[in-house]
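Asks: Dropping a structure here in structure tokens format, bear with me for questions.
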Amino acid sequence: MGYWSVEDFGTVINPRTLEGQIHGGIAQGVGQALFEEIIYEQVSGQLLTATFQDYCMPRADNFCHFDLHENPVPTNQNPLGVKGAGEAGTVGALPAVIIAVNNALAPLGIERLEMPLTSEKVWRAIHNK
């Protein structure tokens with residue numbers, strides 16, 4: 001099991017910084033897909049997940065190995081041939097995780113779950129089938 005990513009950032013200036021940027025983006029996307037849920041109290045509208053004690057975010061031990069690759073195609077839009085990398089990890093992680101979980105549940109007759117796909121939500125879906 002692992003997570004593979006192939007990106008095009010053009011000319012890479014600092015590979016270590018880029019790797020950290022991609023790792024952070026993947027963590028953000030996976031967190032949004034599996035853990036992060038904003039919950040409000042229904043009557044008052046009070047935010048119930050207002051602190052990091054109540055709002056679940058991923059930790060390093062929640063992740064598999066990241067296998068990162070590049071397919072650099074320098075751009076001719078600037079003298080260095082560089083492209084942006086800001087949200088690259090996030091953009092692919094979110095749909096990859098949601099699709100993977102839904103595909104894994106499909107043989108059980110579970111058609112589709114909405115994010116975040118918390119462990120409780122997945123367990124309930126399996127248990128109710």
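The values are calculated or read from the model by the stated rules, or taken from the named source; none is laboratory data. Treat the numbers as computed from the prediction; the structure is a model and nothing was measured. So basically every Cβ, Gly included, is an ideal-geometry build from the backbone, and we count neighbours across all protein chains shown.
Asks: Restricting attention to the stretch 26-44, does a residue exist that is at pLDDT 90 or above, exposed (fewer than 10 other Cβ atoms within 10 Å of the Cβ) and either in contact with a Phe, Trp or Tyr (Cβ under 7 Å, 6 or more places away or on another chain) or closer than 25 Å to Ala125 by Cα (or both)?
Replies: Checked the stretch 26-44: at least one residue is at pLDDT 90 or above, exposed (fewer than 10 other Cβ atoms within 10 Å of the Cβ) and either in contact with a Phe, Trp or Tyr (Cβ under 7 Å, 6 or more places away or on another chain) or closer than 25 Å to Ala125 by Cα (or both).
Asks: I'd like the full set of residues that are of a type in the set (D, E, K, R) and under 11 Å from the mean Cα position of the chain (by Cα), limited to the stretch 25-47.
Replies: Glu36
Asks: Would you pick out the residues in the stretch 58-68 that are surrounded by 11 or more Cβ atoms within 10 Å (Cβ to Cβ) and under 12 Å from Ala27 (Cβ atoms)?
Replies: Result: Pro58, Asn62, Phe63, Phe66.
Asks: Of everything in the stretch 3-26, what is in contact (Cβ under 8 Å) with a residue 60 or more places away in the chain, assigned to a helix (DSSP H, G or I) and of a type outside the set (Val, Ile, Thr)? Give them in sequence order.
Replies: If the condition is that a residue be in contact (Cβ under 8 Å) with a residue 60 or more places away in the chain, assigned to a helix (DSSP H, G or I) and of a type outside the set (Val, Ile, Thr), then Leu18, Gln21, His23, Gly24, Gly25 are the ones that fit.
Asks: Might you check whether a residue that is surrounded by 11 or more Cβ atoms within 10 Å (Cβ to Cβ), under 19 Å from the mean Cα position of the chain (by Cα), over 30 Å from Ile126 (Cα atoms) and at pLDDT 90 or above occurs anywhere in the stretch 69-88?
Replies: So far as the stretch 69-88 goes, no, none of its residues is surrounded by 11 or more Cβ atoms within 10 Å (Cβ to Cβ), under 19 Å from the mean Cα position of the chain (by Cα), over 30 Å from Ile126 (Cα atoms) and at pLDDT 90 or above.
Asks: Is there a residue being surrounded by fewer than 16 Cβ atoms within 10 Å (Cβ to Cβ), touching a residue at least 24 places away in the same chain (Cβ under 8 Å), among the aliphatic types (A, V, I, L, M) and at negative phi anywhere in the stretch 45-57?
Replies: There is at least one residue in the stretch 45-57 that is surrounded by fewer than 16 Cβ atoms within 10 Å (Cβ to Cβ), touching a residue at least 24 places away in the same chain (Cβ under 8 Å), among the aliphatic types (A, V, I, L, M) and at negative phi.
Asks: Just a yes or no: is a residue in the stretch 78-88 part of a helix (DSSP H, G or I), touching a residue at least 40 places away in the same chain (Cβ under 8 Å) and out of contact with any Pro (no Cβ under 7 Å at 6 or more places or on another chain)?
Replies: Yes, the stretch 78-88 contains at least one residue that is part of a helix (DSSP H, G or I), touching a residue at least 40 places away in the same chain (Cβ under 8 Å) and out of contact with any Pro (no Cβ under 7 Å at 6 or more places or on another chain).
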